[in-house]
Structures are given as structure tokens and as C-alpha cells.
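Read-outs throughout are calculated quantities, based only on the coordinates presented, and are distinct from any laboratory measurement. This structure is a prediction, so every number in the text was calculated from the model and none was measured. Because the Cβ atoms are built from the backbone with ideal geometry, glycine has one as well, and the counts that use them run over all protein chains shown.
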Amino acid sequence: MSQGLDNLVVKSLGEHWSAGVQFDISSSTYRNTKLNYQVFPSVEYNIFPYSESTRRQLRILYGAGYNYTKYNDSTIYDKIEDKLFQQQLKIAFQVQQKWGSVNISLEGSNYFYDFEKNRLELEGSFRIRIVKGLSLEIYGGVARIRDQLSLVKGEEATAEEVYLRLRELATGYNIDGGLSITYTFGSIYNNIVNPRFGNGNEYYYH
């Protein structure tokens, strides 16, 4: 079971810059976290003016902040809690036209105490309009994972836990993807509400 609350406050600094703070609090039996909260001050630069965001975006976001985690069970690093500082960099590109849209995002993060505890993710989607309102989408992503700090120490996961995804397993890479058909009412651009910090658009951040 997982539950959480995400909060984001963003200040516009003109046609290209934004600054903000993201505060997240969550818990997850899957990730062995009794309590996790993160505070991330960040700054974003959009190469294209934000006024053009319904057509194109190329945003670069950098953030650094504090990450506290209280675990349900001891981790493979013999920790019951962690108090860590972390940084992240995101680059997101989007083009949206009458024929459809292309979305690509690259995200990297690491912990300051050990730069080898890091993660790199590349994700994207390609959407084609079939008729007005009806679209076909192809999406996928690949991740290189080196920051699984919450893995439970000792006992191996049962077959049931693996099959039902009740417990996070150690891994170095993750690949996913799929196809979907969607129908949208109204303007083809109404899915973009506020482009700053990736809020209200179609980027597939984890």
C-alpha cells in the first residue's frame, strides 16, 4: 500500500525562468518506507518562451534538497532511517502540433554523500492524431538504477510478493513501454495547463 501528498509552489521569473519549491510526503510498504519526505528548491530555464508552450518546450530544471526516510524494516545498509541531501537534473522536450505530439525527457539524480548512488532515466512518447479527439500513443522508457537504499535486509521476497509487486526487488535497469488509444474532448492543446516545472503537461516523470 502506498499513499502520499505532493506540493509544488512555483514563481514565474519571466518568459524563460521559474523558481520553486517541491515538498513531497509519502509512505509505501512496497518501498519499505514508513515515512518519506523531500524538500527540493529548484530553478528551471525554458529555452523557448513559456508563451509558446502550447506548441513547443525545451525545459532544463535543476534542484537540490533534503530527503528524510524512516524505514519499516532494516535495509541492506543496516539503516532504519536516512537523512540525506540529493540533487537532480531534468531536461524535457515537447513538440505539439495538429498531427500529434512528441515528448522526450532525460532525468538524472544522485546523493551527495556518494555519487555512485545515482539514477538515470530516459523516457518518451509519440502521439498521432487519428481523427479529431482520437489519438494513438506509443510510449516507453529505460532507466539505469543505482540508488535503491530502501531494500529490505535478509529474507528473500516470496513468489507471491514478486508476482503481485508487493515488495521492491534489487535491479540495475528497468525498461517499460506500451501502446494506448485516447480520446480527448475540447481543444487539442487543453492538456497543457501550466508548463512550469512540468506541471500539467504530458511528460512521463517517475
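For the reader, a short list of remarks on this structure follows.
- Charge dipole magnitude, Cβ of K and R +1, D and E -1 - the stretch 40-125, Cα centre, debye nearest 20: 460
- For the chain, size of Cβ-based charge dipole, Lys and Arg +1, Asp and Glu -1, in debye: 740
- The stretch 57-117: trypsin sites (Lys or Arg not before Pro) falling in loop per DSSP and having at most 12 other Cβ within 10 Å: LYS98
- Selection from VAL152, TYR45, LEU5 lying farthest towards where the dipole of the stretch 2-198 points positive, charges on Cβ: TYR45
- The length gained by stretching the chain between LEU120 and ALA19 to full extension, at 0.36 nm per residue less their Cα-Cα distance, is 34.0 nm.
- Label-point separation in nm, ALA170 to ARG146, each point 7 Å along Cα→Cβ: 1.6
- Among the GluC sites (Glu not before Pro) in the stretch 1-83, those placed in a DSSP loop whose Cβ has at most 14 other Cβ atoms within 10 Å are GLU15.
- Sparse-neighbour loop sites [GluC sites (Glu not before Pro); the stretch 132-178; at most 11 other C-beta within 10 Å; DSSP]: GLU155, GLU156
- Working note: 222 nm ellipticity from helices only, DSSP H runs with n ≥ 4, each -39,500 (n - 2.57), summed and divided by the residues of the chain, gives -500 deg cm²/dmol to the nearest 500.
- For the stretch 84-160: rounded, prolate or oblate by the Cα gyration tensor [a/c cutoff 1.5]: oblate
- Straight-distance crosslink candidates among lysines, where the alpha carbon sits under 25 Å from LYS83 and sequence neighbours closer than 8 are dropped: LYS34, LYS70, LYS117, LYS153
- The stretch 58-197 shape via C-alpha gyration tensor axes, a/c threshold 1.5: prolate
- Backbone N under 12 Å from the LYS34 label point (7 Å along Cα→Cβ), restricted to the stretch 77-112: 80-82
- Förster radius 22 Å - calculated FRET efficiency between GLU160 and LYS79 (Cβ-Cβ, nearest 0.05): 0.25
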